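The values are calculated or read from the model by the stated rules, or taken from the named source; none is laboratory data. The structure displayed is predicted, hence computed values, not measured ones. Here the Cβ is made from the backbone with ideal geometry for all residues, glycine too, and neighbour counts use every protein chain on show.
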Amino acid sequence: LSAHYQKEIDLPAETSCGHRYSLMINAGLAIDPEHSNKNSCDGVGLYRTEFPFIIRNQFPTEQEQVDLYRVMLEAYPDKPVVMRTLDVGGDKPLPYFAIVEENPFLGWRGIRLTLDHPEIFLVQIRAMLKANMNTGNLHILLPMISELPEVDESLRLIKQACFEVGDELGTALQRPKVGVMIEVPSIMYQLNELASRVDFCSVGTNDLTQYLLAVDRNNPRVASLYDAMHPSVLRALHQMGQQVQALQFPTSICGELAGEPAGVLLLAAMGFDSFSMNSSQLAKIKWLIRRVEREELQSVLMDALQCDSPKAVRVRVHRFLEQKS
Ligand code: PEP
Ligand code: MG
């Protein structure tokens, strides 16, 4: 079956009615299969920089980070590479940086931690900027933003890093594009203010689902309640899709929902047109997009939004998917 999908991997992600989608990949470790799809995707929509931090036994130095990031940026010289600043805490502990908390998912994670330790943030941004000198394709993404002052403080530090690196290399640096992860529900209600501060946003449906439903995404006891197909999650995403379109705020979806056939179809119907996924999903999602029309997706979405349960949503979307395969 995968050979079947693979046949169209180099064709554009375009619906039968001619709408073109951008499909990107999520990456972690630089040396791995994600690179096999290098030419058939539109770039890296999410590079989770925490992985190289997690596998070491101390913080990587600025130069070590420069080397790592350069490999990534140079693998896609003509395409955007969205690098997310360190998102540790929650379910991602660092072996050499103890965090002891009652509620890690509501605690010190992502941008909260790095803004409290600007030296960690600045070293990482400086490394990204240096790695970007030849290619210029770096985009910076901020994880776990829950309020605007975090955005302002991050932008201030990024500006400072640009100035420092520019000074060190003897050349004026332009600030790369900066974006915010939409994964904490509060920030969904400040898209307007975000759009005037940053260049793009990226929706993290994994955490957004966890925080909207108050369900720990890793707790097996409540796993059956964790479902991005919950009609309320879909309504929240739908509303967001309409708002970002009205604001012309460039948005992509990088949570797992974008790499799921049923998920990507609903997201496409909501008006999102850029999706980032594990590279193993790329061929299948592209194949699927090439077989649908936007109008038929609309009616699937309208039905899904009226469903009473995640299960009912799945039944509805799978009925549609079966016709396509
Ligand atoms: C998300 O939360 O949806 C996301 C893409 O980030 P992570 O899974 O790394 O938390
Ligand atoms: Mg997340």
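Listed values, structure above:
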item: Conditions (1) more than 16 Å from ligand 2 (Cβ to nearest atom); (2) part of a loop (DSSP other than H, G, I, E, B); (3) touching a Gly at 6+ places or on another chain (Cβ under 7 Å): number failed by His139; result: (2)
item: The range 195-207, subset touching a helix residue (DSSP H, G or I) at 6+ places or on another chain (Cβ under 7 Å) and assigned to a helix (DSSP H, G or I), residue nearest to ligand 2 (Cβ to nearest atom); result: Asn206
item: Flag for Met181 being farther than 18 Å from Tyr21 by Cα, within 16 Å of ligand 1 (Cβ to nearest atom) and part of a strand (DSSP E or B); result: yes
item: Selection within the range 88-97 - under 27 Å from Ser252 (Cβ atoms) and either touching a strand residue (DSSP E or B) at 6+ places or on another chain (Cβ under 7 Å) or surrounded by fewer than 18 Cβ atoms within 10 Å (Cβ to Cβ) (or both); result: Val88, Asp91, Lys92
item: Extreme residue, modelled with the lowest pLDDT, among residues of the range 1-20 that are surrounded by 15 or more Cβ atoms within 10 Å (Cβ to Cβ) and of a type in the set (A, V, I, L, M, F, W, C); result: Ile9
item: Test: residue in the range 51-61 that is part of a strand (DSSP E or B), within 16 Å of ligand 2 (Cβ to nearest atom) and closer than 22 Å to Cys201 by Cα; result: no
item: Failed criterion for Tyr69 (all others in (1) touching a helix residue (DSSP H, G or I) at 6+ places or on another chain (Cβ under 9 Å); (2) away from ligand 2 (no atom under 16 Å from the Cβ); (3) under 24 Å from Asn206 (Cβ atoms); (4) assigned to a loop (DSSP other than H, G, I, E, B) hold); result: (4)
item: Members of the range 87-101 found to be out of contact with any Gly (no Cβ under 7 Å at 6 or more places or on another chain), within 12 Å of ligand 2 (Cβ to nearest atom) and not in a strand (DSSP E or B), listed by number; result: Val88, Gly90, Asp91
